[in-house]
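What follows is a set of notes on a single structure, which appears directly below.
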């Protein structure tokens with residue numbers, strides 16, 4: 001997808017007929033360490049005509065961007081959004097209630113904080129249940145919706161920055177390199193030093209080389 005990607009995502013959100021559209025997405029579901037990060041972003045689609053829309057021309061799902069591109073997009077998202085909300089679920093809470101429950105709760109909290117001003121709420125992937133504000137669940141939403149793509153950028157950058165800061169507190173695990181995801185080096189470090197306070201004890205215990 002080229003520079004027109006952002007325009008296509010914005011036009012998708014305009015097709016619903018609402019002016020203020022919230023999108024929600026998460027980062028860190030598959031991580032062995034660190035929090036789950038969920039973000040919601042409210043866009044005023046009227047402000048994304050002309051120069052506003054051009055500032056998001058390169059917008060796409062965070063997984064399709066390198067770290068430098070995500071940082072650049074974050075600046076544009078923060079400048080153009082009506083509201084940005086981030087909810088973090090720490091590792092211990094994930095362990096207590098399970099990853100899927102934590103994921104739903106984080107996205108629900110983020111979207112709830114957006115209504116108002118949001119007139120329409122979009123979420124990537126699956127329905128959040130009746131406890132959430134009325135919303136549309138879009139499969140592959142981070143590649144279809146501007147609001148969801150913006151949320152994916154925010155969730156990813158916030159979480160990555162946090163994990164790099166945690167590297168200073170837990171220098172044995174290489175968080176600055178893999179931001180908590182499973183790599184050979186990360187798994188080896190956990191087997192060598194044991195899990196830290198920010199590791200998820202309930203997730204993929206084989207990586208720990210022991211029952212945790």
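Residues in region 43-57: is at least one farther than 21 Å from residue 140 by Cβ, in contact with a strand residue (DSSP E or B) (Cβ under 6 Å, 6 or more places away or on another chain) and buried (at least 20 other Cβ atoms within 10 Å of the Cβ)? No, the conditions are met nowhere in region 43-57. Note on region 14-31: residues that are in contact with a strand residue (DSSP E or B) (Cβ under 8 Å, 6 or more places away or on another chain) and surrounded by fewer than 23 Cβ atoms within 10 Å (Cβ to Cβ) total 5.
Just so you know, in region 58-69 the residues that are within 19 Å of residue 10 (Cβ to Cβ), surrounded by fewer than 20 Cβ atoms within 10 Å (Cβ to Cβ) and within 16 Å of the chain's Cα centre (by Cα) include one that is modelled with the highest pLDDT, and it is 69. So for region 162-173 (the condition being modelled with pLDDT of 95 or more, surrounded by fewer than 17 Cβ atoms within 10 Å (Cβ to Cβ) and either in contact with a strand residue (DSSP E or B) (Cβ under 6 Å, 6 or more places away or on another chain) or not in a helix (DSSP H, G or I) (or both)), does at least one residue qualify? Scanning region 162-173 turns up at least one residue that is modelled with pLDDT of 95 or more, surrounded by fewer than 17 Cβ atoms within 10 Å (Cβ to Cβ) and either in contact with a strand residue (DSSP E or B) (Cβ under 6 Å, 6 or more places away or on another chain) or not in a helix (DSSP H, G or I) (or both). Scan region 87-106 for residues that are closer than 28 Å to residue 43 by Cα, touching a residue at least 60 places away in the same chain (Cβ under 8 Å) and crowded, with 19+ Cβ neighbours inside 10 Å and jot them down. Result: 102, 103, 106. The conditions of being modelled with pLDDT of 95 or more, part of a helix (DSSP H, G or I) and farther than 30 Å from residue 195 by Cα are met by residue 111.
How many residues are buried (at least 17 other Cβ atoms within 10 Å of the Cβ) and either out of contact with any helix residue (DSSP H, G or I) (no Cβ under 8 Å at 6 or more places or on another chain) or at positive phi (or both) when one looks only at region 121-135? Going through region 121-135 one residue at a time, the tally reaches 1.
With respect to (1) surrounded by fewer than 18 Cβ atoms within 10 Å (Cβ to Cβ); (2) more than 12 Å from residue 40 (Cα to Cα), the lone exception for residue 74 is condition (1). Restricting attention to region 182-199, the residues being in a loop (DSSP other than H, G, I, E, B), modelled with pLDDT of 95 or more and under 21 Å from the mean Cα position of the chain (by Cα) number 1. Residues that are surrounded by 24 or more Cβ atoms within 10 Å (Cβ to Cβ) and not in a helix (DSSP H, G or I) within region 139-155 comprise just one, 145.
The values are calculated or read from the model by the stated rules, or taken from the named source; none is laboratory data. This structure is a prediction, so every number in the text was calculated from the model and none was measured. We place every Cβ from the backbone using ideal geometry, glycine too, and count neighbours over all the protein chains shown.
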